[in-house]
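Before any comments, here is the structure.
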Amino acid sequence: MFISTGSSDTSVKSFKILLVAPKGKKDSKSNQKPLFHMALGVLVSITPPKHEIDIIDEHFGDTVDYDADYDLVGITARTIDATRAYEIADNFRKKGKTVILGGIHTSFNPDEASQHADTIVCGEAENMWGTILNDLEHHRLKPYYNAKDFPPVKEIVPLDYKRIAKASLREKVDTTKSIPIYITRGCPYNCSFCVTPNFTGKLYRRQKPEDLKAQIEDAKEAFFKKNGTSSKPWFMLCDENLGINKKRLWQALDMIKECNIMFSVFLSMNFLEDEETVKKLVDAGCFMALVGIESIKQSNLEAYNKSHVNTPEKIIEIIDQCRKAGLNVQGNFLINPSLDNYDDMNDLVDFISRNNIFMPIMQIITPYPGTSMYKEYKEKGLITDEDWEKYNAINVVIRSPHYNSVEFQYRFMQTYYKAYSWKNIINRITHNPHPLMGFVTSFAFRKNLHELLETFESEHGLKRSNKLNLY
Ligand code: SF4
């Protein structure tokens, strides 16, 4: 499908297009990364078939060939990958290639990005892409396109998995790697640390359930390789917040149930309070919901515009209910150098350990450009570092009233590692559904955290005697 409400596709020329997902030097090594970057998957799916597309994704070790023959190079950039995106863009421009930069970071830093590209694209691409390709053909490519100057994206397109598979270098995968898919886009909430309200926005859109089923079948054919341990592929539902409309969520789950897959999903805790929703999720094949619990301090939740969520006691009640139904709830937690002290970190890790939270993710809060937090912290002079490579949620980039940034980061990494002590891992896998998966993923987290900690200690000359008892 090709959507081009900005201009009709009257072009006859076909282009060779390269789409790049760069990997920042300090981007994480997580093996939970889905098989392709969703923004690139959407672009592939809306590009007229006459154009030839290659995808390079550095998260999977693809290498960029600057001498290859492309008419257009499109690079997407999240904040953590921005510096690398600029490096790739500069190299291609030196070779005389036409480069377009888009994605979340570019959308909120167009002046910065424009120094590295011929064209900057801000916002959701669906309704601009046709115009851009048309302008390219007629040698009138503009330096700047903004989704605000085009009709709003009211419908989201199905992904063309066969074409994405052909464009990318990904081999078929077994059940240990996830295939991305999305049903909805947008979120009506306004959490201050999240870029969604200002990028995809509050307009909540969804695909037709019938499109969903066809995509899942295509995706299986294109990307899934059965092995002995499981016949079901793992899909990652990349929706920002899938549960906003319960009736539609249930419709989608009924459809997914027929597809014989397993999947993980991002959801607000509020939606898991509903036992019937949890039952439907599990029946449809959902084994894990990633939930932003963020903080166990009410004052922090209020500072983040997230006070609509439940109290810690209620959260534990909901998690227990999900466990009984066979659903793992993975918790995401934020540590804020300007709001939290070491006692708060200890309280949090105690909470995580005591309640056996499944595969907890801890992050140092990072005010990403495009969030209302970035604006607020910038105005208050709280941002201390705008080296985008450090915007990976384990570095300190905002001021702490109590600690220097190295101390704070070191303490954070120790606390995070402690959440993955052997004792905590064993307790966790014995209390949550899917114990084998819990063990394998916890082991990988622990190993990765240990490496990060050792690297940090060696970079900052921290001595063994300073270390806490972490095991
Ligand atoms: S964090 Fe989740 S609930 Fe909050 S605005 Fe972002 S997508 Fe919506």
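Would you confirm, using the coordinates I've provided, whether residue 35 is in a helix (DSSP H, G or I) and either aliphatic (A, V, I, L, M) or surrounded by 22 or more Cβ atoms within 10 Å (Cβ to Cβ) (or both)? If you could, list the steps in order and put the result at the bottom.
Numbers: in a helix (DSSP H, G or I): no; either aliphatic (A, V, I, L, M) or surrounded by 22 or more Cβ atoms within 10 Å (Cβ to Cβ) (or both): yes.
Spelling it out, it is not the case that residue 35 is in a helix (DSSP H, G or I) and either aliphatic (A, V, I, L, M) or surrounded by 22 or more Cβ atoms within 10 Å (Cβ to Cβ) (or both).
How many residues, within the range 377-397, are part of a helix (DSSP H, G or I) and under 23 Å from the mean Cα position of the chain (by Cα)? First the steps, then the outcome.
Residues of the range 377-397 that are part of a helix (DSSP H, G or I), as a first pass: 377-379, 388-390.
Of the ones still in play, those that are also under 23 Å from the mean Cα position of the chain (by Cα) are 377, 388-390.
The number of residues fulfilling the criteria is 4.
Would you be able to say whether some residue in the range 246-256 is within 13 Å of the ligand (Cβ to nearest atom) and under 30 Å from residue 373 (Cα atoms)? Walk me through it before giving the result.
Going through the range 246-256, the residues within 13 Å of the ligand (Cβ to nearest atom) turn out to be none.
Among the residues of the range 246-256, not one is within 13 Å of the ligand (Cβ to nearest atom) and under 30 Å from residue 373 (Cα atoms), which makes the answer no.
Which condition number in (1) more than 16 Å from the ligand (Cβ to nearest atom); (2) touching a helix residue (DSSP H, G or I) at 6+ places or on another chain (Cβ under 7 Å); (3) assigned to a loop (DSSP other than H, G, I, E, B) is the one that residue 242 fails?
(1)
Going by what's in this entry, would residue 381 be described as under 22 Å from residue 197 (Cα atoms) and either free of Cβ contacts under 8 Å to residues at least 12 places away in the same chain or small (Gly, Ala, Ser) (or both)?
Details: under 22 Å from residue 197 (Cα atoms): no; either free of Cβ contacts under 8 Å to residues at least 12 places away in the same chain or small (Gly, Ala, Ser) (or both): yes.
No; evaluated as a whole, the condition is false for this residue.
Which of the residues spanning the range 321-352 are within 16 Å of residue 277 (Cβ to Cβ) and either without any contact (Cβ under 8 Å) to a residue 60 or more places away in the chain or part of a strand (DSSP E or B) (or both)? I'd like the intermediate steps shown before the answer.
So the first thing to find is which residues in the range 321-352 are within 16 Å of residue 277 (Cβ to Cβ), and the list is 321-329.
Scanning the range 321-352 gives 321, 322, 324, 325, 328, 329.
Within the range 54-71, can one find any residue that is in contact (Cβ under 8 Å) with a residue 40 or more places away in the chain, under 30 Å from residue 443 (Cβ atoms) and part of a loop (DSSP other than H, G, I, E, B)?
Yes, some residue in the range 54-71 is in contact (Cβ under 8 Å) with a residue 40 or more places away in the chain, under 30 Å from residue 443 (Cβ atoms) and part of a loop (DSSP other than H, G, I, E, B).
Just give me the residues in the range 455-471 being surrounded by 10 or more Cβ atoms within 10 Å (Cβ to Cβ), at pLDDT 55 or above and assigned to a loop (DSSP other than H, G, I, E, B), in sequence order.
Passing the criteria: 460, 462.
Only one of these is part of a loop (DSSP other than H, G, I, E, B), polar (S, T, N, Q) and away from the ligand (no atom under 16 Å from the Cβ): 192, 231. Name it. I'd like the intermediate steps shown before the answer.
Numbers: 192 fails: away from the ligand (no atom under 16 Å from the Cβ).
Sole residue among the options that is part of a loop (DSSP other than H, G, I, E, B), polar (S, T, N, Q) and away from the ligand (no atom under 16 Å from the Cβ): 231.
Can you find a residue in the range 127-150 that is outside any strand (DSSP E or B) and within 16 Å of the ligand (Cβ to nearest atom)? Explain how you work it out, then say what you get.
Of all residues in the range 127-150, those outside any strand (DSSP E or B) come to 127-143, 147-150.
Adding the requirement that they be within 16 Å of the ligand (Cβ to nearest atom) leaves none.
So far as the range 127-150 goes, no, none of its residues is outside any strand (DSSP E or B) and within 16 Å of the ligand (Cβ to nearest atom).
Does the range 276-293 contain any residue that is at pLDDT below 95, in contact with a strand residue (DSSP E or B) (Cβ under 7 Å, 6 or more places away or on another chain) and part of a loop (DSSP other than H, G, I, E, B)?
No, the range 276-293 has no match at all.
Of everything in the range 259-275 that's surrounded by 19 or more Cβ atoms within 10 Å (Cβ to Cβ) and assigned to a helix (DSSP H, G or I), which residue is farthest from the ligand (Cβ to nearest atom)?
Filtering the range 259-275 for residues that are surrounded by 19 or more Cβ atoms within 10 Å (Cβ to Cβ) and assigned to a helix (DSSP H, G or I), the one farthest from the ligand (Cβ to nearest atom) comes out as 272.
Regarding residue 185, is this residue within 16 Å of the ligand (Cβ to nearest atom) and more than 21 Å from residue 288 (Cα to Cα)?
It is false that residue 185 is within 16 Å of the ligand (Cβ to nearest atom) and more than 21 Å from residue 288 (Cα to Cα).
The values are calculated or read from the model by the stated rules, or taken from the named source; none is laboratory data. Here the structure is a predicted model, which is why all the values come from computation and not from measurement. Glycine gets a Cβ as well: all are built from the backbone with ideal geometry, and neighbour counts include every protein chain shown.
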